[in-house]
Amino acid sequence: MAVAGIFRSMGHGGFRNKAQFHIEIECAMEDFERYLIEIVEPTVDDFRLKPSSVRVGFLACVAIDHSVDYLAFPRNRVHWDGKEHHRRRAGLRKQFKEENEQFRLASEAANAFKHVKTTSVRGLEAAEVYERPPAMAGRAMAGITMAGDMTGAVVVDGHNLLRVVTEALRFLRSKVR
């Protein structure tokens, strides 16, 4: 998304003019890129190594969901306003959920584990995000394990959570110019 699109979605709040906003967003974008590189990507990589770990899947979802905090946060701390930051964060999160189904699912899973049940229309509960064990002796479970699946998976709403976070990360990378 171009800076102009972010400006429109977040509004002018707290900025004297578009030039100041542009400088702030450029700095926020650098923080956002750093967050993706240092936090989100390694966490998703950890999930790739343990694709049936609900814990690691949850951590990947949390990292993805909180990426919007970095786009909404002003680089210049003088412009910090907690209420305004909350409004910007909420606006970006809503926009990203509307733009990308995988981001929405990752956000929903993160919040289900954090709060036991989400307040969304879907109302996802933490128990509905579960491990699908691999098709291996001693691990396979009738009715859950898929024949031939040697890695297992974490499942949310019938989707492989690793695929969800991988696509959500691809979506987030598309926001970096």
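Quick notes on this one:
- Any chance Ser107 is of a type in the set (Ser, Thr, Tyr) and in contact with a Cys (Cβ under 8 Å, 6 or more places away or on another chain): yes
- Under the condition of being within 22 Å of Lys114 (Cβ to Cβ) and either part of a strand (DSSP E or B) or open to solvent by less than 90 Å² (accessible area, probe 1.4 Å) (or both), the residues counted in the stretch 133-172 number 18.
- Residue list for the stretch 114-130, filter: surrounded by fewer than 20 Cβ atoms within 10 Å (Cβ to Cβ), out of contact with any Lys or Arg (no Cβ under 8 Å at 6 or more places or on another chain) and of a type in the set (A, V, I, L, M, F, W, C): Val116, Val121, Ala127
- Scanning the stretch 73-96 for residues that are at pLDDT 85 or above and surrounded by 19 or more Cβ atoms within 10 Å (Cβ to Cβ) yields a total of 4.
- Hey, Phe7 buried (at least 21 other Cβ atoms within 10 Å of the Cβ) and modelled with pLDDT under 50 or not: no
- Only one entry of Phe96, Phe73 meets the criterion of being among the aromatic types (Phe, Trp, Tyr) and under 23 Å from Asp46 (Cβ atoms), and that entry is Phe96.
The values are calculated or read from the model by the stated rules, or taken from the named source; none is laboratory data. Every value quoted in this text rests on a predicted model; they were computed, and no experiment measured them. Ideal geometry is used to build each Cβ from the backbone, glycine not excepted, and the neighbour counts take in all protein chains shown. Quick note on the areas: whole protein, heavy atoms, side chains included, nothing else; ligands and nucleic acids left out. Shrake-Rupley method; radii C 1.70, N 1.55, O 1.52, S 1.80 Å.
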